[in-house]
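Data first, discussion second: the structure below is written as C-alpha coordinates.
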Amino acid sequence: MTALMKSVGVRALKLLSSAVNFRMNQCGETPIGCLRSFSTVMSPPSKAIVYEQHGSPDSVTRLVNLPPVEVRDNDVCVKMIAAPINPSDINRIEGVYPVRPPVPAIGGYEGVGEVYAVGSKTFVVKEESVWHKIDKSCPMEYAATITVNPLTALRMLEDFVSLASGDSLVQNGATSIVGQCVIQLARLRGISTINIIRDRAGSDEARENLKALGADQVFSESQLNVKNVKSLLGELPEPALGFNCVGGNAASLVLKFLREGGTMVTYGGMSKKPITVSTTSFIFKDLELRGFWLQNWLSLGKVKECREMIDYLLGLARDGKLKYETELVPFDEFPVALDKALGKVGRQPKQVITF
(Lines give C-alpha, C1' and ligand atoms only; values in the text may rest on other atoms or scores of the structure.)
Protein backbone atom coordinates (compact mmCIF):
# COMPACT_ATOMS: atom_id res chain seq x y z
CA MET A 1 0.00 0.00 0.00
CA THR A 2 1.14 3.51 -0.64
CA ALA A 3 0.60 6.77 1.12
CA LEU A 4 -2.76 7.87 -0.25
CA MET A 5 -4.33 4.44 0.04
CA LYS A 6 -6.94 3.51 2.63
CA SER A 7 -7.21 -0.09 3.79
CA VAL A 8 -10.65 -1.07 5.09
CA GLY A 9 -11.05 -3.46 8.02
CA VAL A 10 -10.23 -4.06 11.68
CA ARG A 11 -6.66 -3.64 12.90
CA ALA A 12 -4.92 -6.85 13.83
CA LEU A 13 -1.73 -5.67 15.56
CA LYS A 14 -0.56 -2.43 17.16
CA LEU A 15 2.90 -2.41 15.59
CA LEU A 16 3.54 0.93 13.95
CA SER A 17 5.43 0.76 10.67
CA SER A 18 6.63 3.50 8.34
CA ALA A 19 6.47 2.60 4.65
CA VAL A 20 7.70 6.02 3.59
CA ASN A 21 10.65 6.30 1.22
CA PHE A 22 11.33 2.63 0.71
CA ARG A 23 8.07 1.74 -0.90
CA MET A 24 7.70 -0.84 -3.64
CA ASN A 25 9.44 0.81 -6.59
CA GLN A 26 12.00 3.46 -7.40
CA CYS A 27 9.40 6.10 -8.13
CA GLY A 28 8.00 5.81 -4.62
CA GLU A 29 4.51 5.08 -5.93
CA THR A 30 2.68 1.89 -6.78
CA PRO A 31 1.54 1.34 -10.37
CA ILE A 32 -2.00 -0.03 -10.34
CA GLY A 33 -0.84 -2.80 -12.64
CA CYS A 34 1.42 -4.13 -9.88
CA LEU A 35 -1.50 -5.36 -7.77
CA ARG A 36 -1.24 -9.14 -7.32
CA SER A 37 -3.82 -11.78 -8.10
CA PHE A 38 -6.20 -13.34 -5.58
CA SER A 39 -4.89 -15.98 -3.19
CA THR A 40 -5.93 -17.86 -0.06
CA VAL A 41 -4.56 -15.11 2.21
CA MET A 42 -5.93 -11.78 1.05
CA SER A 43 -5.78 -8.19 2.19
CA PRO A 44 -8.98 -6.24 2.81
CA PRO A 45 -10.30 -4.11 -0.07
CA SER A 46 -8.86 -0.60 -0.24
CA LYS A 47 -9.53 2.88 -1.48
CA ALA A 48 -6.89 4.97 -3.18
CA ILE A 49 -6.30 8.35 -4.79
CA VAL A 50 -5.27 7.50 -8.36
CA TYR A 51 -4.14 9.49 -11.37
CA GLU A 52 -4.22 8.04 -14.89
CA GLN A 53 -2.41 10.89 -16.62
CA HIS A 54 -0.12 13.73 -15.61
CA GLY A 55 -1.61 17.14 -15.02
CA SER A 56 -3.02 19.40 -12.33
CA PRO A 57 -3.71 17.15 -9.29
CA ASP A 58 -7.15 18.65 -8.70
CA SER A 59 -8.25 17.60 -12.18
CA VAL A 60 -6.46 14.26 -12.79
CA THR A 61 -6.80 12.54 -9.39
CA ARG A 62 -9.81 10.48 -8.42
CA LEU A 63 -10.89 8.13 -5.66
CA VAL A 64 -11.13 4.45 -6.68
CA ASN A 65 -11.93 1.20 -4.93
CA LEU A 66 -9.22 -1.45 -5.19
CA PRO A 67 -9.77 -5.19 -4.81
CA PRO A 68 -7.99 -7.32 -2.21
CA VAL A 69 -4.47 -8.44 -3.06
CA GLU A 70 -2.55 -11.57 -2.18
CA VAL A 71 -0.54 -11.59 1.07
CA ARG A 72 2.35 -13.91 0.26
CA ASP A 73 4.46 -15.84 2.76
CA ASN A 74 6.99 -13.08 3.34
CA ASP A 75 4.59 -10.14 3.06
CA VAL A 76 3.21 -7.78 5.65
CA CYS A 77 -0.13 -6.09 4.98
CA VAL A 78 -0.23 -2.61 6.52
CA LYS A 79 -3.28 -0.50 7.26
CA MET A 80 -2.39 3.13 6.59
CA ILE A 81 -3.00 5.59 9.43
CA ALA A 82 -1.78 8.90 8.03
CA ALA A 83 0.07 10.32 5.02
CA PRO A 84 0.95 13.88 3.97
CA ILE A 85 0.57 15.74 0.70
CA ASN A 86 4.06 17.03 -0.14
CA PRO A 87 5.05 19.48 -2.89
CA SER A 88 7.07 16.64 -4.40
CA ASP A 89 3.87 14.56 -4.66
CA ILE A 90 2.23 17.39 -6.58
CA ASN A 91 5.25 17.67 -8.88
CA ARG A 92 5.12 13.95 -9.64
CA ILE A 93 1.44 14.09 -10.54
CA GLU A 94 2.00 17.17 -12.69
CA GLY A 95 4.80 15.33 -14.48
CA VAL A 96 7.45 17.90 -13.49
CA TYR A 97 9.89 15.24 -12.31
CA PRO A 98 11.82 13.47 -15.07
CA VAL A 99 11.43 10.10 -13.29
CA ARG A 100 7.79 9.09 -13.27
CA PRO A 101 5.91 5.95 -12.26
CA PRO A 102 3.86 4.15 -14.90
CA VAL A 103 0.27 5.40 -14.92
CA PRO A 104 -2.29 4.74 -13.65
CA ALA A 105 -0.55 5.22 -10.29
CA ILE A 106 -1.39 5.89 -6.66
CA GLY A 107 -0.14 9.23 -5.40
CA GLY A 108 1.93 9.74 -2.27
CA TYR A 109 5.39 8.82 -1.07
CA GLU A 110 5.48 8.55 2.72
CA GLY A 111 3.20 7.71 5.60
CA VAL A 112 2.68 5.62 8.72
CA GLY A 113 0.53 2.55 9.28
CA GLU A 114 -0.17 -0.44 11.48
CA VAL A 115 0.44 -4.09 10.66
CA TYR A 116 -2.91 -5.58 9.65
CA ALA A 117 -1.87 -9.08 8.65
CA VAL A 118 1.24 -11.11 7.86
CA GLY A 119 2.06 -13.95 5.55
CA SER A 120 2.00 -17.53 6.80
CA LYS A 121 5.76 -17.99 7.27
CA THR A 122 7.09 -14.78 8.75
CA PHE A 123 6.24 -11.87 11.03
CA VAL A 124 8.82 -9.48 9.58
CA VAL A 125 9.21 -8.58 5.92
CA LYS A 126 12.48 -10.09 4.72
CA GLU A 127 13.26 -7.17 2.40
CA GLU A 128 14.76 -4.64 4.84
CA SER A 129 14.13 -1.71 2.52
CA VAL A 130 10.34 -2.01 2.62
CA TRP A 131 9.26 -1.22 6.20
CA HIS A 132 10.76 0.46 9.22
CA LYS A 133 9.37 -0.24 12.70
CA ILE A 134 8.93 2.75 14.95
CA ASP A 135 7.89 3.21 18.55
CA LYS A 136 4.16 3.62 19.18
CA SER A 137 4.88 6.68 21.32
CA CYS A 138 5.87 8.68 18.25
CA PRO A 139 3.29 11.39 17.44
CA MET A 140 1.32 10.19 14.43
CA GLU A 141 1.75 13.40 12.43
CA TYR A 142 5.54 13.25 12.76
CA ALA A 143 5.74 9.53 12.07
CA ALA A 144 3.82 10.15 8.84
CA THR A 145 5.98 13.05 7.66
CA ILE A 146 9.50 12.51 9.00
CA THR A 147 11.13 10.83 6.02
CA VAL A 148 10.86 13.39 3.21
CA ASN A 149 11.23 16.94 4.48
CA PRO A 150 13.11 16.52 7.79
CA LEU A 151 15.38 13.87 6.29
CA THR A 152 16.12 16.16 3.33
CA ALA A 153 17.10 18.95 5.74
CA LEU A 154 19.38 16.65 7.74
CA ARG A 155 21.15 15.20 4.73
CA MET A 156 21.78 18.58 3.12
CA LEU A 157 23.30 19.85 6.36
CA GLU A 158 25.70 16.93 6.49
CA ASP A 159 26.52 16.03 2.88
CA PHE A 160 27.97 19.13 1.20
CA VAL A 161 29.93 21.48 3.45
CA SER A 162 31.45 20.66 6.83
CA LEU A 163 29.93 23.27 9.12
CA ALA A 164 30.97 23.81 12.72
CA SER A 165 29.46 25.68 15.62
CA GLY A 166 29.72 29.40 14.91
CA ASP A 167 29.29 29.00 11.13
CA SER A 168 26.24 30.15 9.21
CA LEU A 169 24.08 29.14 6.25
CA VAL A 170 21.51 30.91 4.08
CA GLN A 171 18.31 29.52 2.57
CA ASN A 172 15.22 30.59 0.66
CA GLY A 173 11.86 28.90 1.09
CA ALA A 174 12.44 29.20 4.83
CA THR A 175 8.76 28.78 5.73
CA SER A 176 8.63 25.35 4.10
CA ILE A 177 8.86 22.26 6.30
CA VAL A 178 12.40 21.65 5.02
CA GLY A 179 13.27 25.26 5.81
CA GLN A 180 11.86 25.04 9.32
CA CYS A 181 13.75 21.80 9.94
CA VAL A 182 17.00 23.34 8.66
CA ILE A 183 16.62 26.17 11.17
CA GLN A 184 16.09 23.81 14.10
CA LEU A 185 18.71 21.23 13.16
CA ALA A 186 21.26 23.99 12.52
CA ARG A 187 20.52 25.59 15.86
CA LEU A 188 21.18 22.28 17.63
CA ARG A 189 24.64 22.37 16.03
CA GLY A 190 25.34 26.00 16.92
CA ILE A 191 24.99 27.07 13.27
CA SER A 192 23.32 30.40 12.49
CA THR A 193 20.71 30.70 9.74
CA ILE A 194 19.90 33.56 7.36
CA ASN A 195 16.42 32.97 6.00
CA ILE A 196 14.64 34.41 2.96
CA ILE A 197 10.84 34.46 2.68
CA ARG A 198 8.44 35.70 0.03
CA ASP A 199 6.68 39.06 0.20
CA ARG A 200 3.06 38.25 0.88
CA ALA A 201 0.27 38.73 3.39
CA GLY A 202 1.27 37.37 6.78
CA SER A 203 5.01 37.73 6.21
CA ASP A 204 5.47 39.51 9.55
CA GLU A 205 3.84 36.60 11.36
CA ALA A 206 5.93 34.13 9.37
CA ARG A 207 9.08 36.02 10.36
CA GLU A 208 8.21 35.80 14.06
CA ASN A 209 7.35 32.11 13.77
CA LEU A 210 10.73 31.35 12.20
CA LYS A 211 12.55 33.33 14.87
CA ALA A 212 10.68 31.35 17.52
CA LEU A 213 12.13 28.20 15.94
CA GLY A 214 15.64 29.64 16.22
CA ALA A 215 16.18 31.64 13.01
CA ASP A 216 18.87 34.29 13.44
CA GLN A 217 17.94 36.54 10.51
CA VAL A 218 14.76 36.55 8.41
CA PHE A 219 14.46 38.78 5.33
CA SER A 220 11.70 39.18 2.80
CA GLU A 221 12.85 39.23 -0.82
CA SER A 222 12.07 42.95 -1.13
CA GLN A 223 14.31 43.75 1.84
CA LEU A 224 17.22 42.31 -0.11
CA ASN A 225 16.88 44.72 -3.03
CA VAL A 226 20.05 46.46 -1.93
CA LYS A 227 23.47 46.62 -3.53
CA ASN A 228 25.28 44.87 -0.70
CA VAL A 229 23.14 42.26 1.03
CA LYS A 230 26.05 41.22 3.24
CA SER A 231 25.80 44.55 5.03
CA LEU A 232 22.61 43.16 6.56
CA LEU A 233 24.39 40.28 8.28
CA GLY A 234 25.53 42.28 11.27
CA GLU A 235 27.92 40.13 13.29
CA LEU A 236 26.96 36.89 11.57
CA PRO A 237 29.73 35.29 9.47
CA GLU A 238 29.35 35.06 5.72
CA PRO A 239 27.66 31.72 4.99
CA ALA A 240 29.57 28.93 3.30
CA LEU A 241 26.42 26.94 2.49
CA GLY A 242 23.10 27.90 0.92
CA PHE A 243 19.90 26.01 0.16
CA ASN A 244 17.58 26.81 -2.74
CA CYS A 245 14.12 25.35 -3.29
CA VAL A 246 12.58 28.22 -5.25
CA GLY A 247 14.77 29.19 -8.21
CA GLY A 248 14.62 32.48 -10.09
CA ASN A 249 15.44 35.65 -8.16
CA ALA A 250 15.19 33.84 -4.82
CA ALA A 251 18.12 31.62 -5.86
CA SER A 252 20.15 34.66 -6.90
CA LEU A 253 19.63 36.14 -3.43
CA VAL A 254 21.08 33.03 -1.83
CA LEU A 255 24.14 33.31 -4.09
CA LYS A 256 24.68 36.95 -3.11
CA PHE A 257 25.05 35.99 0.54
CA LEU A 258 27.58 33.19 0.01
CA ARG A 259 31.21 33.78 0.84
CA GLU A 260 34.03 33.03 -1.58
CA GLY A 261 34.17 29.30 -2.32
CA GLY A 262 30.64 28.81 -0.97
CA THR A 263 28.19 26.15 -2.14
CA MET A 264 24.51 26.45 -3.04
CA VAL A 265 22.48 23.24 -2.97
CA THR A 266 19.26 23.18 -4.99
CA TYR A 267 16.62 20.70 -3.87
CA GLY A 268 13.51 22.19 -5.47
CA GLY A 269 12.24 24.73 -7.95
CA MET A 270 8.83 25.81 -6.75
CA SER A 271 8.81 29.01 -8.85
CA LYS A 272 9.53 26.91 -11.94
CA LYS A 273 12.02 29.60 -12.94
CA PRO A 274 15.64 28.85 -13.89
CA ILE A 275 18.67 29.70 -11.78
CA THR A 276 20.72 32.52 -13.30
CA VAL A 277 24.33 32.82 -12.15
CA SER A 278 26.55 35.79 -12.93
CA THR A 279 29.99 35.24 -14.42
CA THR A 280 31.40 37.11 -11.41
CA SER A 281 30.00 34.47 -9.07
CA PHE A 282 32.04 31.80 -10.80
CA ILE A 283 35.26 33.64 -11.61
CA PHE A 284 35.76 35.88 -8.60
CA LYS A 285 33.81 34.02 -5.92
CA ASP A 286 34.42 30.46 -7.16
CA LEU A 287 30.94 29.41 -6.07
CA GLU A 288 29.83 25.81 -6.43
CA LEU A 289 26.33 24.75 -7.46
CA ARG A 290 25.12 21.32 -6.37
CA GLY A 291 21.83 19.45 -6.42
CA PHE A 292 20.11 17.14 -3.95
CA TRP A 293 17.32 14.65 -4.58
CA LEU A 294 16.42 12.48 -1.60
CA GLN A 295 15.14 9.62 -3.72
CA ASN A 296 18.49 9.38 -5.47
CA TRP A 297 20.32 9.36 -2.14
CA LEU A 298 18.09 6.54 -0.89
CA SER A 299 18.86 4.47 -3.98
CA LEU A 300 22.53 4.31 -2.96
CA GLY A 301 21.96 1.44 -0.54
CA LYS A 302 21.81 3.58 2.60
CA VAL A 303 18.98 1.68 4.30
CA LYS A 304 20.73 1.22 7.66
CA GLU A 305 21.93 4.82 7.75
CA CYS A 306 18.48 6.06 6.83
CA ARG A 307 16.83 4.04 9.61
CA GLU A 308 19.21 5.55 12.14
CA MET A 309 18.44 9.07 10.92
CA ILE A 310 14.69 8.47 11.03
CA ASP A 311 14.96 7.31 14.64
CA TYR A 312 17.13 10.35 15.46
CA LEU A 313 14.64 12.77 13.91
CA LEU A 314 11.66 11.12 15.57
CA GLY A 315 13.50 11.36 18.87
CA LEU A 316 13.91 15.10 18.36
CA ALA A 317 10.23 15.45 17.51
CA ARG A 318 9.25 13.41 20.57
CA ASP A 319 11.42 15.66 22.76
CA GLY A 320 9.96 18.86 21.28
CA LYS A 321 13.25 19.83 19.60
CA LEU A 322 11.87 19.49 16.07
CA LYS A 323 8.51 21.10 15.35
CA TYR A 324 6.38 21.97 12.36
CA GLU A 325 2.69 22.60 11.97
CA THR A 326 0.41 19.98 10.42
CA GLU A 327 -3.33 19.72 9.86
CA LEU A 328 -4.99 16.32 10.08
CA VAL A 329 -7.66 15.84 7.42
CA PRO A 330 -9.98 12.79 7.08
CA PHE A 331 -9.44 10.73 3.94
CA ASP A 332 -12.95 11.50 2.69
CA GLU A 333 -12.05 15.21 2.66
CA PHE A 334 -9.05 14.72 0.39
CA PRO A 335 -10.23 17.32 -2.18
CA VAL A 336 -10.26 19.99 0.55
CA ALA A 337 -6.77 19.01 1.68
CA LEU A 338 -5.54 19.04 -1.91
CA ASP A 339 -6.87 22.55 -2.48
CA LYS A 340 -5.00 23.70 0.62
CA ALA A 341 -1.82 21.91 -0.48
CA LEU A 342 -2.08 23.60 -3.88
CA GLY A 343 -2.25 27.02 -2.20
CA LYS A 344 -5.77 27.82 -3.34
CA VAL A 345 -6.83 29.10 0.08
CA GLY A 346 -3.68 30.88 1.20
CA ARG A 347 -0.83 29.53 3.24
CA GLN A 348 -1.84 26.41 5.18
CA PRO A 349 -0.13 23.90 7.47
CA LYS A 350 1.19 20.62 6.04
CA GLN A 351 -1.86 18.61 5.04
CA VAL A 352 -1.82 15.10 6.54
CA ILE A 353 -4.51 12.68 5.42
CA THR A 354 -5.84 10.36 8.14
CA PHE A 355 -7.40 6.99 7.34
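The values are calculated or read from the model by the stated rules, or taken from the named source; none is laboratory data. Here the structure is a predicted model, which is why all the values come from computation and not from measurement. Every residue, glycine among them, receives a Cβ derived from its backbone with ideal geometry; neighbour counts consider all protein chains shown. Protein only, heavy atoms only, side chains kept; ligands, DNA and RNA dropped before computing areas. Shrake-Rupley method; radii C 1.70, N 1.55, O 1.52, S 1.80 Å.
Hey, could you check the stretch 118-146 for residues that are of a type in the set (Gly, Ala, Ser) and modelled with pLDDT of 80 or more and say which is farthest from the chain's Cα centre (by Cα)?
Among residues in the stretch 118-146 that are of a type in the set (Gly, Ala, Ser) and modelled with pLDDT of 80 or more, the one farthest from the chain's Cα centre (by Cα) is Ser137.
Exactly one of these conditions fails for Lys211: (1) modelled with pLDDT of 95 or more; (2) exposed (fewer than 11 other Cβ atoms within 10 Å of the Cβ). Give me its number.
(2)
Considering the stretch 332-353 alone, what residues qualify as being open to solvent by less than 50 Å² (accessible area, probe 1.4 Å) and either on the phi < 0 side of the Ramachandran plot or touching a Ser or Thr at 6+ places or on another chain (Cβ under 9 Å) (or both)?
Phe334, Ala337, Leu338, Lys340, Ala341, Pro349, Lys350, Gln351, Val352, Ile353
Of all residues in the stretch 189-205, which are farther than 18 Å from Phe257 by Cβ and either touching a helix residue (DSSP H, G or I) at 6+ places or on another chain (Cβ under 8 Å) or open to solvent by less than 20 Å² (accessible area, probe 1.4 Å) (or both)?
Within the stretch 189-205, just Arg189 meets the criteria.
Could you give every pair whose Cβ atoms fall below 8 Å, whose first residue belongs to the stretch 218-240 and is in contact (Cβ under 8 Å) with a residue 40 or more places away in the chain and on the phi > 0 side of the Ramachandran plot, and whose second residue is surrounded by fewer than 15 Cβ atoms within 10 Å (Cβ to Cβ) and not in a loop (DSSP other than H, G, I, E, B), counting only separations of at least 6 or pairs across chains?
Once the first residue is in contact (Cβ under 8 Å) with a residue 40 or more places away in the chain and on the phi > 0 side of the Ramachandran plot and sits in the stretch 218-240, no partner that is surrounded by fewer than 15 Cβ atoms within 10 Å (Cβ to Cβ) and not in a loop (DSSP other than H, G, I, E, B) comes close enough.
Tell me which of these Ala250 doesn't satisfy, since it passes every other one: (1) surrounded by fewer than 19 Cβ atoms within 10 Å (Cβ to Cβ); (2) within 29 Å of Gly166 (Cβ to Cβ); (3) not aromatic (Phe, Trp, Tyr).
(1)
Given the conditions (1) at pLDDT 95 or above; (2) in a helix (DSSP H, G or I), which single one is not true for Tyr324?
(2)
Out of all the residues in the stretch 200-220, which are more than 22 Å from the chain's Cα centre (by Cα) and part of a helix (DSSP H, G or I)?
Result: Ser203, Asp204, Glu205, Glu208.
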